[in-house]
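Since the structure comes first, as structure tokens, the remarks are kept for the end.
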Amino acid sequence: LQHKPLASVLVQMPNFLPTGSVTGRQFQMLSYFGPFFSLTCLREDPSIARELFSDPMNMSRADADSSVSSLRTALKLLREGLVECFLKIFKAGSVAKERLMHWIAHALKLNKDRTKMQADYLTVSADGFVLNLLDVLLRLCDPFMDLNLSKIAAIDPSYVFSGHRVDYSDQTRLAADSTQVLKWLDPRNPNAQESYHRAQNVSDNEKNTMEVDEGVEQEDSEVIVVKESFNFVTECFFMTLRCTEFWSKSILQVYQNLLTNLQRAQSMKRDLSEMNSGGAGRERELNELNRQMNLLMTHKLCYDVYLFDDEFLMLLLRFAATVSGWFVSLVKPQSASSAENLQHNIESLLPLPLPAPKTIRSLPESTIECVSDILLFLSRYRFALIDNNILWVSSALSFCIVVIASPTYVKNPYLRSNLVEFVAMSLPNPTMSTSEAPNLSSPLQVLLEEHQLAKKHLASAIFRLYIDVEHTGSHTQFYDKFSIRNNITTIIATMWESSNYREAVRIEAQDAEHFMKFINLMLNDANYLLDEALGHLTEIRSLELLMENEEEWKTLPENEKKEKENRLMALERQVRSSNALSNSSVLLLNLLTQDNAIRKVFVLPEMVSRLAEMIDYYLQQLCGPRCQDLVVRNREKYNWDPRQLLTKIIGVYIHFQHEQPFLEAVARDGRSYSQELFDRAASILRRRAMLHSSEIDQFESLAHKVKLCATMDVEDEDILGEIPDEFLDPVMATLMRDPVRLPTSNTVMDRSIIARHLLSDPMDPFNRKFLTAEMLVPEVELKLQIEQFIEERKKAARQSQ
């Protein structure tokens, strides 16, 4: 290929680009470059793995590292050779360049099924082929992946409309559907129009994961003009972006499955080894597990060769930074035309202009996913590489803040939540056992601590996301929200301990209506998670007691023993997660309620009873008569620390000791409150020295105040006697203090009760019509009648004394 004529002849050979219908697997065998890209040590060529990793479970770390290093050296020579060949062909003339670009595009097209949940791995190209192709594409991007973002202006975003090389017609867009994209295209682009006409045959439910608010779209004649051809930088950028999808959505999934299966096999072997019976059957099971573990470890080490090659990972990080800088330059070109401008104008990046430009709304979600998948992978497995290349991460962090804070530009909350997870993973995880401020010592943590854009906009963005993930439209939304909110909680807890961020959290609390939605969801989650954890702990204790009773355990059939052992393992996994999430909610509640301004939101009429009922319920479970049911072995294994949990809950009580509405709400909690419960809690605290004596004194003082409120409530009930039905709330059957009419059903309710309902569900509870707090109509005359009724009854009581 040193001679251009030879390169031109090569690309015209019949086998350079196979014609006809072929699969991805056939393409890698039949095309000229296919066999070169297929060279691998992965499962498709197991001979190399068997030679270098013959007994992986018993290999020393040094021997394994040496084998991995040898394979990486050979792999590097291969990839550098392929890049050199490609560059020679690109320089051989326009025809040769076009043929090679077509080869790359065809390879990507034949592997598009890799982005599906269930891909047929017999038809797509092998993992080794895709990883080699991705590495070569990243190396081709190298000239325009620079810190100064000097060449990103050459990347044309209209490429995603063209259908040129890479077809995006079936991809979900950031904030648009296929009908809108078609409408926005200039009618002078017949090829682009035809590409999107084909996409109309796909159902709306399959194509869209979100609704687009047509109201934010400007009624103008703006159309998107698509070119007939694109420069090399644009084509290389978008083809690399597509290949990165294959890496994240299929290959990383394969690797994660390997790790999961390996961990499960190791756990089963550990449990089997601890059994005192089983005989020959037990030995056969152990031998089979050893065989499986050796096979799984061999595959893992082979994937490690590719996935943890520092040179490859650095290329990925640089590409993520380039995508980040390019996206930010699109949404705010005047502020981010270069890396220097981006740093100087970082505070002006947000808020983004509205409405969102159609070009940006039409970008595929993979634009965001590429960055988040790379950052999350590096955070989990190679965090040091991030810290050691903080200049590259800087633009990616700005991108994260911009996307998280811009739901109009990026509708899908899961895309924003992935970036939130990256931010959370960069922070020290707050724990129940310490009240010290987190130590922000890594370069990324220091960058985040001083990041001007984050200080100004991150708090409002994550509080909004906390609320948004309640309803995402996904069939897994109920469970997804807990892990997302756990990441948000980590960030908020760290913010609260930072002088740079605490005021931003306080500012969020000033919008009481919005902040109450956050509080309500946090309390809902805490209650649900505690219920889940306590139920699992009770069942775990029951199973542990059964297994400790050797006589009873021996009488059980083997299949029933196996069933109970599997159930215990499942419960252990579930309770670890539930407790971790519950702990984070309680910790955040304890932190936020330390502040006087934030406490004022908690004691508003529509929220105070919700808070009181939640922490009373926690106190009852931790100190009530059935608390012994929660005593399990190895509490740390389950993230279960009842002592620390109790001290945090008592801390919340102490924070509200001078808030009269809170004291009254605790006294009126008919489900969990009793004076005996508070006395028992104080006794436990003193007996086990769980808090300083002065804090226990404060808790006992609060308990006394609550007791007085409870006594007064009983007296008031006696004074009021029988209350007219029209004065009672129809849901709770309690005396209304601030009656309002629901215009959607013409029903009258107490404002605090309906307002609390609307925090979770913006629907009229009587007919399910849309309803908001602003729509409620005060019943002034009825309120006066109720106040007159109360006064008359109290006056009568005083006269009778």
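The values are calculated or read from the model by the stated rules, or taken from the named source; none is laboratory data. Because the structure is predicted, anything quoted here is derived from the model rather than measured. Counting neighbours? That spans all protein chains shown, and the Cβs are built from the backbone with ideal geometry, glycine included. Note: areas computed on protein heavy atoms with side chains; ligands, DNA, RNA excluded. Shrake-Rupley method; radii C 1.70, N 1.55, O 1.52, S 1.80 Å.
Tabulated values for the structure
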quantity: Selection within region 258-281 - within 30 Å of the chain's Cα centre (by Cα) and at pLDDT below 90; calculated: Gln263, Arg264, Ala265, Gln266, Ser267, Met268
quantity: Check on Ala682, small (Gly, Ala, Ser), closer than 20 Å to Arg599 by Cα, open to solvent by less than 40 Å² (accessible area, probe 1.4 Å) and more than 38 Å from the chain's Cα centre (by Cα); calculated: no
quantity: In region 464-481, the residues that are among the hydrophobic types (A, V, I, L, M, F, W, C) and crowded, with 21+ Cβ neighbours inside 10 Å; calculated: Leu465, Val469
quantity: Subset of region 532-584 (residues that are of a type in the set (S, T, N, Q) and closer than 30 Å to Asn486 by Cβ); calculated: Thr538, Ser542, Asn566, Gln574, Ser577, Ser578, Asn579, Ser582, Asn583, Ser584
quantity: In region 87-143, the residues that are over 12 Å from Phe246 (Cα atoms), within 34 Å of the chain's Cα centre (by Cα) and among the small types (Gly, Ala, Ser); calculated: Ala105
quantity: Options Ser66, Ser60, Ser54, Ser21; residue that is closer than 29 Å to Asn294 by Cα, open to solvent by 40 Å² or more (accessible area, probe 1.4 Å) and over 37 Å from the mean Cα position of the chain (by Cα); calculated: Ser54
quantity: Single residue of region 110-153 satisfying the filter (among the basic types (Lys, Arg) and assigned to a loop (DSSP other than H, G, I, E, B)) that is surrounded by the most Cβ atoms within 10 Å (Cβ to Cβ); calculated: Lys151
quantity: Failed item in (1) without any contact (Cβ under 8 Å) to a residue 24 or more places away in the chain; (2) under 24 Å from Ala119 (Cα atoms); (3) open to solvent by 60 Å² or more (accessible area, probe 1.4 Å); (4) not small (Gly, Ala, Ser), with Pro14 passing the rest; calculated: (2)
quantity: Positions within region 499-516 being crowded, with 19+ Cβ neighbours inside 10 Å and touching a residue at least 60 places away in the same chain (Cβ under 8 Å), in sequence order; calculated: Val505, Ala509, Phe515, Met516
quantity: Check on Val160, more than 30 Å from Thr40 (Cα to Cα), assigned to a helix (DSSP H, G or I) and either open to solvent by less than 10 Å² (accessible area, probe 1.4 Å) or free of Cβ contacts under 8 Å to residues at least 40 places away in the same chain (or both); calculated: yes
quantity: Candidate set: region 545-597, residues that are outside any helix (DSSP H, G or I) and either touching a residue at least 12 places away in the same chain (Cβ under 8 Å) or open to solvent by 40 Å² or more (accessible area, probe 1.4 Å) (or both); chosen: the one nearest to Asn524 (Cα to Cα); calculated: Thr593
quantity: In region 28-87, the residues that are of a type in the set (Val, Ile, Thr) and part of a helix (DSSP H, G or I); calculated: Ile48, Val68, Thr73, Val83
quantity: Selection count, region 759-795, where residues are open to solvent by 50 Å² or more (accessible area, probe 1.4 Å), without any contact (Cβ under 8 Å) to a residue 12 or more places away in the chain and at negative phi; calculated: 11
quantity: Failed item, numbered, when Ala710 is tested on (1) open to solvent by less than 70 Å² (accessible area, probe 1.4 Å); (2) in a loop (DSSP other than H, G, I, E, B); (3) closer than 23 Å to Asp616 by Cβ; (4) not basic (Lys, Arg); calculated: (2)
quantity: Filter pass, Thr476 being more than 17 Å from Pro762 (Cβ to Cβ) and without any contact (Cβ under 8 Å) to a residue 60 or more places away in the chain; calculated: yes
quantity: Selected residue (criterion: farthest from Glu347 (Cα to Cα)) from residues of region 452-475 that are of a type in the set (Val, Ile, Thr) and either outside any helix (DSSP H, G or I) or modelled with pLDDT under 90 (or both); calculated: Thr472
quantity: Subset of region 624-647 [surrounded by 22 or more Cβ atoms within 10 Å (Cβ to Cβ) and part of a helix (DSSP H, G or I)]; calculated: Tyr638, Leu646
quantity: Qualifying residues in region 289-344 (those that are at pLDDT below 90 and charged (D, E, K, R)) - the one farthest from Asp135 (Cα to Cα); calculated: Arg291
quantity: Residue among Tyr196, Tyr255 that is modelled with pLDDT under 90, open to solvent by less than 30 Å² (accessible area, probe 1.4 Å) and part of a helix (DSSP H, G or I); calculated: Tyr196
quantity: All positions within region 347-381 that are open to solvent by 20 Å² or more (accessible area, probe 1.4 Å) and in a helix (DSSP H, G or I); calculated: Glu347, Ser348, Thr359, Glu369, Asp373, Arg380, Tyr381
quantity: Tabulated pairs, region 241-252, first on the phi > 0 side of the Ramachandran plot and at pLDDT 95 or above, second in a helix (DSSP H, G or I) and open to solvent by less than 10 Å² (accessible area, probe 1.4 Å), C-beta under 9 angstrom, 6+ apart or interchain; calculated: none
quantity: Test for Val631: is it β-branched (Val, Ile, Thr) and more than 13 Å from Leu534 (Cα to Cα); calculated: no
quantity: Candidate set: region 739-758, residues that are part of a helix (DSSP H, G or I) and of a type in the set (Gly, Ala, Ser); chosen: the one least open to solvent (accessible area, probe 1.4 Å); calculated: Ala755
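Residues are listed down the side, and each one gets a yes or a no for (1) under 30 Å from Glu365 (Cα atoms); (2) surrounded by fewer than 20 Cβ atoms within 10 Å (Cβ to Cβ):
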| position | (1), (2) |
| --- | --- |
| Cys243 | yes, no |
| Leu259 | yes, yes |
| Asn290 | no, yes |
| Thr298 | no, no |
| Tyr303 | yes, no |
| Tyr306 | yes, no |
